[in-house]
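Input: a single structure, listed below in C-alpha cells.
The values are calculated or read from the model by the stated rules, or taken from the named source; none is laboratory data. On a predicted model such as this, the values are computed, not experimentally measured, just so you know. Don't worry about glycine lacking a Cβ; one is built from the backbone with ideal geometry, like all the others, and counts go over all protein chains shown.
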Amino acid sequence: MNYRSWIVPPALRDFHEGRIWLKEHSPFAQQDIERALQHHYVQVLPGIQTIPSIKCNRCHNQNRHQFILFDCAKCQKTCVYCRHCIKMGRVSSCTQLMIWAGPRFIKQKKHTFHWTGQFTLLQRKAADEVLASVKQRRSHIITAVCGAGKTELLFPTVYYALCQGLRICIATPRTDVVLELFPRFQRTFPQTTIHALYGDAPKQEGYAQLIIATTHQLYRFKQAFDVMIVDEADAFPYVFDDTLQQAVQKAKTAIAPIIVVTATPSQKLLSQFPTVQRSFIPKRYHNHPLPVPQFSALWRYEKCFRAGKIPRKLKKWVEHQLAQQRPFLLFFPTIELMLVAEPLFQAMESTIVAVHAEDPERKEKVLQLRQREVKGLLTTTILERGITIANVQVAVIGAESAIFTASALIQIAGRVGRHVDFADGDILFFHHGITAEMDEARAEIIKYNKEGFSE
Amino acid sequence: MNKDITHCLLCAQRIQAVISWRILLTKQFPPTICDRCMAQFEDSSCAFAIYKYNEAMKVYLHQYKFLQDIALAKVFRQQIHAHFRKERAIIIPIPMHPLKQIERTFSHVEELLKAACIPYIQLLEKTTTETQSTKNREQRIQVAPLFRLIAGRQVEYQDYLLFDDIKTTGTTLQHATTILLDAGAKNVRTFTLISG
Ligand SMILES: [Zn+2]
Ligand SMILES: [Zn+2]
C-alpha cells in the first residue's frame, strides 16, 4: 500500500481538530494515527514540560504540589504526573499529547435559526450590544438578574457566528447547566451539529461547530474556538480556580472574543470590560421586581436541631407552606447538619427529603419537587443554580455561614418568583447574626429593582 | 513535588493540624487524607484484612489502580505499617504480570508496602495476563497455576506472608500459597488491605 495516497478518515479529523488528546487514548486505530503522524497531520507534545518550570501541557497546571514523582515501569525512568487533571486520564512525562495539524473541517455557513420567542426591550438592547461586540471581535460581559432570560440573548450572536463559519463554545462550570442548555440550542439551531461535553457524556459523532461544555472539558481543547461564551461565570468552582480561567484562554484562538454571562459579577471582573462592552439587565423577563430577602433571627438553631427539635419559627414557616400547598427549598450550610435535620422534617411531612451534591438521585428528587410528589427539599448550595420550580418558596438556614457569600445568596434568592404566574414569593434568611454578605445580597437586589423600575 | 501533604489526597480539603505532638512522639506518618474521608472507610471485621470493601473503597481503588494515581499508595500507610511492624514472617506481595505492570506503570501492591516502609521480597511471577475478575467461579477454580517461582529463587523452610490489595474469592492467594508450600515453605499465611 502506498501511504502517499492515504486519505484522512474524516471521523479522525472531525474528532481531533481543536483537541489536545492523550495519543494512547485516541478512539481511532493506532495505525491511522501513525499514518497521520507520517503526514505531519498530527503534532506530538510531551505530557509534562519541565523547562523553564514544571507545567502540565494539557491543563496548564503549574502548582508544584500537584505533581507526583514515581518510578515508571513503562519508560524505566523517574516520571512525573499531574494530579490536577487526572480524572481525564493520567498525563505523565512519558505520555504523548496529540494535536491535529492536518486539513481542517470546512465549516458550514448555512444554518437554520428557529426561535419564536420575543425579547423584552431590555433583552433586545443587550442582545444587540453583544452581537455588535462579537462582530468587532471584542469581548463582552452581560450582567442579568436571575430569571432575565440570559440564554435567549445569546441566540442572535450564536447564529451570526455560525453563519460566519466560526466555531463556538459555551462553557459553564456545572453539568446541570450543560444539560439544560443543550436541548434548547438543539431546538433553536436544528441543522447545526452541537455536542454536549461533560464528565460522563456519551460519544457524539461528527464535527461540532457549536460545543456546550463544562469548563473542565476545556482542558481537552487547544486554540479551538473562535467565540468563547462563559455562562454563570461567577459560579463555583470557576471563580476559585485560576487553572480553569487559563483553560478558557487556552481553548480559544488568540483573537477569539470572550462573552461572559453572569448574575453576580465581582467588581474585579466588571472592571476588565470598558463600558461599551457591558450589558446590564436589571429586570426579569416577566417585568416583576425580584423578591427581596427578609431576615429572621433563629438563635442557636444548630443546638436546637442537634437536640432533636426544629426551631419554632422555622417550623411555623414550613407548616405554612405545607398548608398553602407551596413547594419549598430549605438551604443548609452543611450536609452534616442537613442530615441531622432530615428526620425531624420527615416527622412533620413524610415526603420531605434531603439532597446533596454527591446524591445519585439528585435529578429525580428535584423532578419530584417540580411534580409536587414531594412537598419540600432540604439542600446544600448545590441547587442554587439552574433550577426553576413554579411558585417555589425558599428559606436559608444559617445564612450567616461563610459558605453563603453575597453572590450565593443572590443566586438562591433568584430561585423565587421566576414564573410569570407566581412572580412573588418568600425568600427568608434565617440567621444567628447578620453578616455583611447578607446585607450586601439584600442591597444588590434592592438596587437591581430600583434600576429596573426607574423609568 | 512529593512534599508534605497539606491537602486531602481524596477531597482536596485542607488537612487540619498536619503535624500533631502525637504524630511526632509516636513516629507516626502524617495523615494524607482528611478525617471526613477517612471516616468513609469501614474496618474489616475479620483478622485477615484491615478494611471492608464499600463505596468509598470502590472509588479509592478506581482512582489508585485505574486512573493510576500512585500518590494514593500513601493513604493507608499508617494502618499498613502498624499492622506489619512486628511481623516476623517474610512478606511477599502478590506480583503483577510484567506486561500488565508496564501498562499500569507501577505495581499497586508493592507501592502500598513501599509507602508504609515495610520490607518485602519477591519470589513469584505471574504467568497470565488475564485478570480473575473476568472469569466466573467455575473458571477461576479450574485454571492452570497463576504463578511460578522466579527462576533461580529459593524458597526456604520459613514463615511467609502473602500480601494483596483485595481478596474476593481467594483463588489468587490460594494459588500463590500452593506454589510456596510445594517449594518447601514452612508455613504460608495471607493478608489483604481489603476484604471483598
Ligand atoms: Zn494536568
Ligand atoms: Zn513514565
TODO: Any chance you could count how many residues in the stretch A:77-94 are of a type in the set (A, V, I, L, M) and within 9 Å of ligand 2 (Cβ to nearest atom)?
DONE: 1
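Let me confirm something: among A:Thr253, A:Thr262, which residue is under 27 Å from A:Lys55 (Cα atoms) and of a type in the set (Ser, Thr, Tyr)? Break it down stepwise before answering.
Details: A:Thr262 fails: under 27 Å from A:Lys55 (Cα atoms).
Residue meeting the stated conditions: A:Thr253.
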Task: Qualifying positions in the stretch A:57-69 - crowded, with 20+ Cβ neighbours inside 10 Å and either near ligand 2 (Cβ under 10 Å from one of its atoms) or of a type in the set (D, E, K, R) (or both) - done: A:Arg58
Task: In the stretch A:256-309, the residues that are more than 25 Å from the chain's Cα centre (by Cα), of a type in the set (Gly, Ala, Ser) and under 24 Å from A:Arg442 (Cα atoms) - done: A:Ser296, A:Ala297
- [ ] Taking only the stretch A:16-36 into account, find how many residues are in a helix (DSSP H, G or I) and touching a residue at least 60 places away in the same chain (Cβ under 8 Å).
- [x] 6
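Suppose we filter the stretch A:54-78 for residues that are within 31 Å of the chain's Cα centre (by Cα) and either more than 9 Å from ligand 1 (Cβ to nearest atom) or within 11 Å of another protein chain (Cβ to nearest Cβ) (or both); how many remain?
Taking the stretch A:54-78 and keeping what is within 31 Å of the chain's Cα centre (by Cα), we get A:54-68.
The next check asks that each one be either more than 9 Å from ligand 1 (Cβ to nearest atom) or within 11 Å of another protein chain (Cβ to nearest Cβ) (or both); those that pass are A:54, A:62-68.
So the answer is 8.
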Task: Among (1) closer than 29 Å to A:Lys74 by Cα; (2) touching an Asp or Glu at 6+ places or on another chain (Cβ under 9 Å) - the single one B:Gln78 does not satisfy - done: (2)
Open item on the list: List the residue pairs whose Cβ atoms are under 6 Å apart, where the first residue sits in the stretch A:193-207 and is over 20 Å from A:Leu12 (Cβ atoms), the second is β-branched (Val, Ile, Thr) and part of a strand (DSSP E or B), and the two are 6 or more positions apart or on different chains.
Closed with: A:Ala196/A:Ile212; A:Tyr198/A:Thr214
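Checking the conditions here, which among A:Leu45, A:Leu22 is closer than 30 Å to B:Val109 by Cβ, within 15 Å of ligand 1 (Cβ to nearest atom) and in contact with a strand residue (DSSP E or B) (Cβ under 9 Å, 6 or more places away or on another chain)? Walk me through how you get there before you give the answer.
Working: A:Leu45 fails: closer than 30 Å to B:Val109 by Cβ.
Checking each option against the conditions leaves just A:Leu22.
Any idea how many residues of the stretch A:243-271 are assigned to a helix (DSSP H, G or I) and of a type outside the set (A, V, I, L, M)?
Going residue by residue through the stretch A:243-271, those that are assigned to a helix (DSSP H, G or I) are A:243-251, A:267-270.
Now restrict to residues that are of a type outside the set (A, V, I, L, M): A:243, A:245-246, A:249-250, A:267-268.
Adding up the residues that qualify gives 7.
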TODO: Could you check, for the stretch A:1-19, whether at least one of its residues is in contact with a Leu (Cβ under 9 Å, 6 or more places away or on another chain) and hydrophobic (A, V, I, L, M, F, W, C)?
DONE: no
Task: Filtered residues of the stretch B:66-89 (kept if part of a helix (DSSP H, G or I) and closer than 18 Å to A:Cys82 by Cβ) - done: B:Phe66, B:Ile70, B:Ala71, B:Leu72, B:Ala73, B:Lys74
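I want to confirm something. Restricting to the stretch A:42-56 and keeping residues that are part of a loop (DSSP other than H, G, I, E, B) and surrounded by fewer than 19 Cβ atoms within 10 Å (Cβ to Cβ), which single residue is nearest to ligand 2 (Cβ to nearest atom)? Lay out the reasoning, then the answer.
Restricting attention to the stretch A:42-56, the residues satisfying the condition of being part of a loop (DSSP other than H, G, I, E, B) are A:47, A:50-54.
Remaining after also requiring surrounded by fewer than 19 Cβ atoms within 10 Å (Cβ to Cβ): A:50-54.
Details: A:Thr50: 13, A:Ile51: 18, A:Pro52: 22, A:Ser53: 20, A:Ile54: 15 Å.
Among those residues, the one meeting the criterion is A:Thr50.
Determine whether the stretch A:79-100 contains at least one residue that is away from every other protein chain (no Cβ under 12 Å) and within 11 Å of ligand 1 (Cβ to nearest atom). Step through it out loud before you land on a result.
The first filter runs over the stretch A:79-100 and keeps only residues away from every other protein chain (no Cβ under 12 Å), leaving A:96-100.
Narrowing further to those that are within 11 Å of ligand 1 (Cβ to nearest atom): A:97.
Yes.
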TODO: Check whether at least one residue in the stretch A:113-122 is assigned to a helix (DSSP H, G or I), away from ligand 1 (no atom under 15 Å from the Cβ) and over 30 Å from A:Gly47 (Cβ atoms), and report yes or no.
DONE: yes
Open item on the list: Pairs please, first residue from the stretch A:68-91 and closer than 19 Å to A:Trp21 by Cβ and not assigned by TED's automatic domain parsing to the domain that holds A:Ser53, second anywhere and more than 10 Å from ligand 2 (Cβ to nearest atom) and outside any loop (DSSP other than H, G, I, E, B), Cβ atoms under 8 Å, 6+ apart in sequence or on different chains.
Closed with: none
Task: Selection status of A:Cys146, within 16 Å of ligand 2 (Cβ to nearest atom) and assigned to a loop (DSSP other than H, G, I, E, B) - done: no
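Looking at B:Thr6, B:Thr32, can you tell me which residue is within 14 Å of another protein chain (Cβ to nearest Cβ), at pLDDT below 85 and in contact with a Lys or Arg (Cβ under 7 Å, 6 or more places away or on another chain)? Explain how you work it out, then say what you get.
Details: B:Thr32 fails: at pLDDT below 85.
Answer to the selection: B:Thr6.
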- [ ] Pull up the stretch B:73-102, narrow it to residues that are over 30 Å from B:Arg148 (Cβ atoms) and within 14 Å of chain A (Cβ to nearest Cβ), then point me to the one that is surrounded by the fewest Cβ atoms within 10 Å (Cβ to Cβ).
- [x] B:Lys74
Open item on the list: Testing A:Lys250 on (1) closer than 24 Å to A:Ala126 by Cα; (2) in contact with a His (Cβ under 8 Å, 6 or more places away or on another chain); (3) charged (D, E, K, R), one condition comes back false. Which one is that?
Closed with: (1)
Task: Criterion violated by A:Ser133 - all others in (1) at pLDDT below 95; (2) away from ligand 2 (no atom under 16 Å from the Cβ) satisfied - done: (1)
Task: Tally, over the stretch A:109-130, of residues that are surrounded by fewer than 13 Cβ atoms within 10 Å (Cβ to Cβ), of a type in the set (A, V, I, L, M, F, W, C) and in contact with a helix residue (DSSP H, G or I) (Cβ under 9 Å, 6 or more places away or on another chain) - done: 0
Open item on the list: Can you say whether A:Lys74 is near ligand 2 (Cβ under 10 Å from one of its atoms) and among the charged types (D, E, K, R), as far as the supplied structure shows?
Closed with: yes
Open item on the list: For the structure I just gave you, tell me whether A:Arg415 is over 25 Å from A:Arg370 (Cβ atoms) and surrounded by 20 or more Cβ atoms within 10 Å (Cβ to Cβ).
Closed with: no
TODO: Please work out which one of (1) more than 14 Å from every other protein chain (Cβ to nearest Cβ); (2) away from ligand 1 (no atom under 12 Å from the Cβ) is the condition A:Thr50 fails and give its number.
DONE: (1)
